[in-house]
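The values are calculated or read from the model by the stated rules, or taken from the named source; none is laboratory data. Predicted model only: the values in this text are computed from it and were never measured. Using ideal geometry, Cβ is built from the backbone for each residue, glycine included, and neighbour counts are taken over all protein chains shown.
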Amino acid sequence: MKKDTLLARAGRDPARHQGMVNTPVFRTSTVIFPDFESYEARGGDGGDDYKQVRYGLLGTPTTFALEEAVARMEGGHAAVAVPSGLAAITAALSAYARSGDHVLVPDSVYSPTRTFCDRQLKPKGVETEYYDPLVGAGIDKLIRPNTRAVFCEAPGSLSFEMQDIPAIAEAAHRRGLPVLADTTWGTPYFFRSFEKGVDVSIHAATKYIAGHSDVVMGVIVTNERHWLAVRRTVADFGFGVSPDDCYLALRGFRTIGVRMKQQMASALEIARWLQSQQQVRRVLYPALEGDPGHAIWKRDFTGAASLFSFVLQPAGDRQVAAFVNALELFGIGSSWGGFESLAVVARVERYRTATRWDPGGPTIRLHIGLEDPGDLIADLERGFAALQKA
Ligand SMILES: Cc1ncc(COP(=O)(O)O)c(C=O)c1O
């Protein structure tokens with residue numbers, strides 16, 4: 001099946017649900033077993049029997065429908081839904097990092113991942129080393145005898161440096177290390193993680209998977225080798241997701257293809273327009289020809305998320321505030337991947353420890369939604385006019 005067909009088919013089984021097109025919302029905590037023997041044989045918290053309904057926390061047919069659809073789209077062995085994208089990150093890292101271990105994390109990483117490493121892993125004896133996201137095969141030199149995992153995020157979700165995941169994975173695998181990657185930007189639709197060397201793929205399903213800014217959720221997809229370690233860690237933490245949220249996320253996921261193709265086309269149009277604006281110094285978007293990450297993006301991805309940044313010519317806080325405050329269609333708010341456009345000032349320099357971030361002006365991150373791109377450009381023009389005045 002081609003991926004758009006798979007999107008319409010995966011995670012559905014009308015014959016099992018009285019002909020209903022969608023897997024309904026199954027709510028439960030307790031599951032009643034018919035007899036002593038079947039209760040005794042109910043199975044553990046992972047492995048091949050993970051889809052057996054045994055207790056609400058471990059999933060219902062609604063949860064399994066979403067997990068199956070995401071895993072099949074991405075080409076992974078299996079998936080598990082967790083309460084947030086950040087929970088997906090912390091559970092995945094916790095599956096590997098033990099006291100005395102060393103983990104490698106890119107300097108461009110989503111900042112709460114960094115906070116988790118510094119505030120939770122460090123006191124438990126795990127050393128995190130932040131590396132230059134552009135290190136590529138050079139990651140080999142950073143691997144120590146006690147390194148347990150290599151974490152990636154491609155591209156960084158504020159600064160958009162594109163990582164060479166296949167090169168990093170080759171070096172990591174040569175040393176027997178798993179590659180964990182935050183693939184929220186690529187999505188299961190535009191990035192086939194496992195073909196690129198990822199072992200554990202982490203999604204903030206909050207973004208494009210759910211796609212409507214009404215769900216907070218994470219999904220971890222793994223290859224067969226890493227499934228048990230990850231699924232058990234999620235169970236050990238007691239992470240479970242409401243079936244209502246799983247239903248909403250799967251409903252959103254069905255249309256990820258049309259949404260992302262449309263949003264990518266609008267994002268490219270707007271990014272190219274921004275490149276021609278006097279007040280713009282640079283646009284940071286690997287989907288643009290001329291971006292330093294373009295060749296890797298073209299090789300590894302089949303499309304681009306509609307999230308990118310641009311760097312203004314040198315401007316003070318007052319001017320940046322005037323720009324952002326003049327926008328009427330772009331909301332000011334965290335997150336991305338929904339149907340609506342957003343703008344935030346990206347304070348990238350605050351989170352760097354291994355590399356320097358100095359692009360020569362303030363950085364603004366845009367998420368392009370499903371609005372008409374012409375209207376969005378007119379909105380940005382309003383912003384630039386206000387910036388000029390300020
Ligand atoms: C790249 C990236 N990963 C993970 C997350 C975390 O997702 P959530 O907000 O669902 O915890 C975010 C959220 O902004 C993100 O941008």
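Inside segment 116-163, can you point out the residues that are touching a helix residue (DSSP H, G or I) at 6+ places or on another chain (Cβ under 6 Å) and surrounded by fewer than 18 Cβ atoms within 10 Å (Cβ to Cβ)? Result: Gly136, Ala137, Asp140. Only one of the numbered conditions (1) over 30 Å from Lys2 (Cβ atoms); (2) in contact (Cβ under 8 Å) with a residue 60 or more places away in the chain is violated by Pro112, and that is (2).
Counting residues in segment 303-315 that are in a helix (DSSP H, G or I) and modelled with pLDDT of 95 or more gives zero.
Close Cβ contacts (under 6 Å, 6 or more residues apart or on different chains) running from residues in segment 76-99 that are in contact (Cβ under 8 Å) with a residue 40 or more places away in the chain to residues that are among the charged types (D, E, K, R) and more than 11 Å from the ligand (Cβ to nearest atom) comprise His77/Glu224; Ala79/Glu67; Val80/Arg231; Ala81/Glu67; Tyr96/Arg148; Ala97/Arg148. Screening the candidates Thr233, Thr222 for the property of being surrounded by 24 or more Cβ atoms within 10 Å (Cβ to Cβ), of a type outside the set (Asp, Glu), in contact (Cβ under 8 Å) with a residue 40 or more places away in the chain and more than 16 Å from the ligand (Cβ to nearest atom) yields one hit, Thr222. Among the residues of segment 152-183, just one is charged (D, E, K, R), in contact with a Gly (Cβ under 7 Å, 6 or more places away or on another chain) and closer than 21 Å to Pro112 by Cβ, namely Glu161.
Screening Leu248 on (1) more than 14 Å from the chain's Cα centre (by Cα); (2) within 16 Å of the ligand (Cβ to nearest atom); (3) within 27 Å of Asp291 (Cβ to Cβ) shows it passes everything except condition (3).
Going residue by residue through segment 205-214, is there one that turns out to be assigned to a strand (DSSP E or B), crowded, with 24+ Cβ neighbours inside 10 Å and within 16 Å of the ligand (Cβ to nearest atom)?
Start the filter on segment 205-214 by keeping residues that are assigned to a strand (DSSP E or B), which leaves none.
Within segment 205-214 (the criterion being assigned to a strand (DSSP E or B), crowded, with 24+ Cβ neighbours inside 10 Å and within 16 Å of the ligand (Cβ to nearest atom)), the answer is no, since none of the residues qualifies.
Screening Asp45 with (1) surrounded by 22 or more Cβ atoms within 10 Å (Cβ to Cβ); (2) under 25 Å from Asp199 (Cα atoms) gives one miss only, at (1).
Filtered by the rule that a residue be aliphatic (A, V, I, L, M) and crowded, with 20+ Cβ neighbours inside 10 Å, segment 312-326 gives a lone residue, Leu312. Out of Gln313, Gln319, one residue alone is more than 16 Å from the ligand (Cβ to nearest atom), over 27 Å from Phe191 (Cα atoms), polar (S, T, N, Q) and in contact (Cβ under 8 Å) with a residue 60 or more places away in the chain. It is Gln319. Please find, within segment 322-359, the residue that is nearest to the ligand (Cβ to nearest atom) out of those that are out of contact with any Lys or Arg (no Cβ under 9 Å at 6 or more places or on another chain) and acidic (Asp, Glu). Top of the filtered list is Glu340.
Checking Arg72, Arg42 one by one, the residue that is under 18 Å from Thr187 (Cα atoms) and either out of contact with any strand residue (DSSP E or B) (no Cβ under 8 Å at 6 or more places or on another chain) or away from the ligand (no atom under 15 Å from the Cβ) (or both) is Arg72 and no other. Scanning segment 285-301 for residues that are small (Gly, Ala, Ser) and surrounded by fewer than 17 Cβ atoms within 10 Å (Cβ to Cβ) gives Gly290, Ala295. When Arg282, Arg352 are screened for being surrounded by fewer than 16 Cβ atoms within 10 Å (Cβ to Cβ) and at pLDDT 95 or above, only Arg352 passes.
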